[in-house]
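Take this structure first; my questions come after.
The values are calculated or read from the model by the stated rules, or taken from the named source; none is laboratory data. The structure presented is a predicted model; accordingly, all values stated were derived computationally and were not measured. Glycine also receives a Cβ, built like all others from the backbone with ideal geometry; neighbour counts cover every protein chain displayed. Surface areas here come from the heavy atoms of the whole protein model, side chains and all, with no ligands, DNA or RNA. Shrake-Rupley method; radii C 1.70, N 1.55, O 1.52, S 1.80 Å.
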Amino acid sequence: MTTRIVLVDDHKLFREGVKRILDFESSFEVVAEGDDGDAAIHLIEEHMPDVVLMDINMPSMNGVEATAEITKRYPEMKVIILSIHDDENYVTHALKTGAQGYLLKEMDSDALIDAIKVVGAGGSYLHPKVTHNLVAEYRRLADSNGSSAYRTIEYRKPLHLLTRRECEVLQLLADGNSNRGVAEALYISEKTVKNHVSNILQKMNVNDRTQAVVTAIKNGWVEVI
C-alpha cells in the first residue's frame, strides 16, 4: 500500500532534498508540495494524503497553527512536524495541537522514513534527542514538585521480559540515540538494531520507541541522568 504524502516547507532546497529521499522509497508518494500553512490546508483539502510533513517555521501561517487547523477539520489526519528546535516547549506545543510526530531537521534519511511508516500506521514518532529532552524535563518538574514517583523506583533491568542485548538497546534509546547511534555503540548493524527495536516493542506491548522509553523509565528499567 502506498503512503501518500504532502510536503510543506518554505525552504525549497530543503524540500527538494526531502522529496528526493522519499522518492527512493517505493511505498511513498509525494502527491503535493507547499511553502506555508495556508498552502498546506489547501493541498490537504485537494489531495487528502495519509501523512503531512510540515515545517514548524513558515510565513503566513506556521506549522503549529496549521496543524491545529488541519486536525480540527480532519481529526484523523496524521501530521509530522519538521523543526530545528529541540526545546521541549516547541515539542509539547506541537503535540498538543495534534501532531503525531516531531523530527529535527538534523535527522538522517532512515529516521525520516521510519517516522513516516510509524505515524502512517497510527503510531507516534519523536526524534530521539527530543524524547530524551522531554523525559529529562519531566523528571526535573517531578522533582521540583516534590514528586517521588521516579526517584523511589529501584533501577532494574527487565530481564524477565527482554534479553540482555535488548536491555542494552532500550537503555541506548532512552539515552537519546538513533538507530545508527545504537549500532555504533554496540558494534552491530542498523538492520540488527531495527530487529531488536521491533522485538522490544512487541514484548513491551507498545506502538513505538517513545512509548517504550517512557514505559521503561516509569518502571525503572533504564537509568536516566
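Among Ser27, Val222, Ile81, flag the residue with its Cα farthest along the positive direction of the charge dipole of the chain, charges on Cβ as +1 for Lys/Arg and -1 for Asp/Glu.
Among Ser27, Val222, Ile81, the one farthest towards the positive end of the dipole of the chain is Val222.
Over the chain, with the other protein chains present, what is the accessible area per residue in square angstrom, probe 1.4 angstrom?
Values: 11380 Å² over 225 residues.
Here the residues of the chain average 51 Å² of exposed surface.
Continuing with this model, one more query. Order the peptides 31-40, 161-170, 182-191 from the highest to the lowest mean number of other Cβ atoms within 10 Å of their residues.
Highest mean packing first, the order is 31-40, 161-170, 182-191.
Can you tally the net charge around Leu103? Count Lys and Arg as +1, Asp and Glu as -1, for every other residue whose Cβ sits under 11 Å from the Cβ of Leu103. Walk me through the intermediate numbers first.
Working: positive: Lys105, Lys129; negative: Asp55, Asp86, Glu106, Asp108, Asp114.
Neighbour charge sum, excluding Leu103 itself: -3.
Any idea what the dipole of the chain comes to, in debye rounded to 20, about its Cα centre with Lys/Arg Cβ at +1 and Asp/Glu Cβ at -1?
On the way: 25 positive and 34 negative charges, 234 e Å.
My answer is approximately 1120 debye.
Could you work out what % of the accessible surface of the chain is carbon and sulfur, using a 1.4 angstrom probe and leaving DNA, RNA and ligands out of the count?
The nonpolar share, carbon plus sulfur, comes to 49 percent.
What is the count of Lys pairs in region 3-131 whose alpha carbons sit under 24 Å apart, if the two are 8 or more places apart or on different chains?
Eligible lysine pairs with Cα atoms under 24 Å apart amount to 19.
Here is a further query. If you find the alpha carbon centre of region 166-180 and of region 185-199, how far apart are they in angstrom?
Region 166-180 and region 185-199 have Cα centres spaced 9 Å from each other.
Just the Cα atoms of region 164-219: what Rg and Dmax do they give in Å?
10.2, 29
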